[in-house]
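Notes to accompany the following structure.
The values are calculated or read from the model by the stated rules, or taken from the named source; none is laboratory data. Since the structure is predicted, the reported quantities are computational estimates derived from the model, not experimental observations. No Cβ is skipped: glycine too gets one built from the backbone with ideal geometry, and neighbour counts run over all protein chains shown. What goes into the accessible areas is simple: the full protein's heavy atoms, side chains included, and nothing from ligands, DNA or RNA. Shrake-Rupley method; radii C 1.70, N 1.55, O 1.52, S 1.80 Å.
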Amino acid sequence: MAGTKPKASAPGPDLPRPGPEEHLDAHGSQSSNSSMTTRELQEYWRTQKRCWKHVKLLFEIASARIEEGRVSKFVMYQIVVIQTGSFDSNKAILERRYSDFEVLQKKLLKTFREEIEDVVFPKKHLMGNFTPEMISERKLALKEYLSLLYAIRCVRRSREFIDFLTRPELKEAFGCLRAGQYTKALDILVRTVPLQEKLASHCPAMVVPSLCAMLVCHRDLERPAEAFAAGERALQCLQAREGHRYYAPLLDAMARLAYALGKDFVSLQKRLEENQLRKPASRGFTLKELTVQEYLY
């Protein structure tokens, strides 16, 4: 019962499983926070205000190389993304083809045609695409293209723009997780999640699946302390979002980790029980079952 003090017993397999929660993304609505005290609400909104502070990013096309594909050759461009204003120890380095930029442009035109009407997309040439002069010219043009897109608030916050910069890496990482290649998955996530956090600073919940994937990988590699740290970051992203589909499975996983580490698991278990009382359901997904379903397509 809600008024009964929880017993300090280990979370076990008989603990009721939460049901699948409604997915919330950048366009999702925040769940009710009516159970929070005035002081808790004030602290929550102070934290959210800090999270929403715009993070300024700088884009560079550091290098380019010619690759031989199965059918034809193409140029692979290396993009470096750096946070401005301070030393960025987590600069992101990723690679994209010209065709990847073309796909991004087509997607953005469907939603933001008017907003990007003054953004010039580097044209495709029928001849001379692999000359040093053309590659150098296109590097500058692609850098300008990304910078102009990022300067438009609705575009830089869009799923299309964020996916362009993070989805290929995240899809590979989650594929490694599904294959049980946890070390390789973590290597990719450690490089990609900081960029995802910067791009999604307006909606921290977007990063939750990636942080939960890090928890699962660390836990299955028998690194409970690292798993717990990743889970704490994920819970921070879900403040006052008890309706998020990851919230209850994450609390369940964190309570078990806390018990194994000798930490305070009772408060986590109590939060889980309160969540289940507010929204009772039959057996739901475990945290691992949720994460392996991400980035399947």
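Relative contact order of the stretch 135-257: what whole-number percent is it, with Cα pairs under 8 angstrom and at least 6 residues apart? Before the final figure, lay out each step's value.
Working: 104 pairs, mean separation 21.3, N = 123.
Computed value for the stretch 135-257: 17 percent relative contact order.
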Checklist outcome for this item: Expressed in nanometres to one decimal, the distance between label points 7 Å along Cα→Cβ at residue 202 and residue 123 is 3.2
Checklist entry - Once all Cα-Cα distances of the stretch 220-297 are split into 10 Å bins that start at 0, what whole-number percent is in each one? => result 17, 53, 27, 3
Next on the checklist: In whole Hz and in residue order, list the ³J(HN,Hα) couplings for the stretch 107-120 that follow from phi through the Karplus curve 6.51 cos²θ - 1.76 cosθ + 1.60, θ = phi - 60°; x for Gly and Pro.
Outcome noted: 5, 5, 5, 5, 10, 10, 4, 5, 5, 10, 5, 9, 8, 8
Checklist entry - Mind listing the Cα extents of the stretch 123-180 along all three principal axes, in Å, largest one first? => result 44, 31, 16
Item to check | Accessible area of residue 136 in the full protein assembly, 1.4 Å probe (Å², nearest 10) | outcome: 60
Checklist entry - Once Rh for the stretch 148-297 is found with the Kirkwood sum over Cα pairs, what is the Stokes-Einstein diffusion coefficient at 20 °C and 1.002 mPa s, in µm²/s? => result 134
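Given a 1.4 Å probe and heavy atoms of the protein chains only, how would you sort 130, 74, largest accessible area at the top?
Of 130, 74, the descending order of accessible area is 130, 74.
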Checklist entry - If you look for lysine pairs in the stretch 153-297 that are eight or more places apart or on different chains, how many of them have Cα atoms under 18 Å apart? => result 4
Checklist entry - What full-extension length gain, to one decimal in nm, is calculated for residue 274 and residue 78 as 0.36 nm per residue of separation minus the Cα-Cα distance? => result 65.8 nm
Checklist entry - Over the Cα atoms of the stretch 151-205, what Rg and Dmax result, in angstrom? => result 12.4, 39
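So, R0 is 25 Å and r is the distance between the beta-carbons of residue 134 and residue 93; what FRET efficiency does that work out to, to 0.05? Working shown, then result.
Working: r = 23 Å, r/R0 = 0.92.
Rounded to the nearest 0.05, the efficiency is 0.60.
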Checklist outcome for this item: Here the gain from full extension of residue 148 to residue 109, 0.36 nm per residue of separation minus their alpha-carbon distance, amounts to 12.6 nm
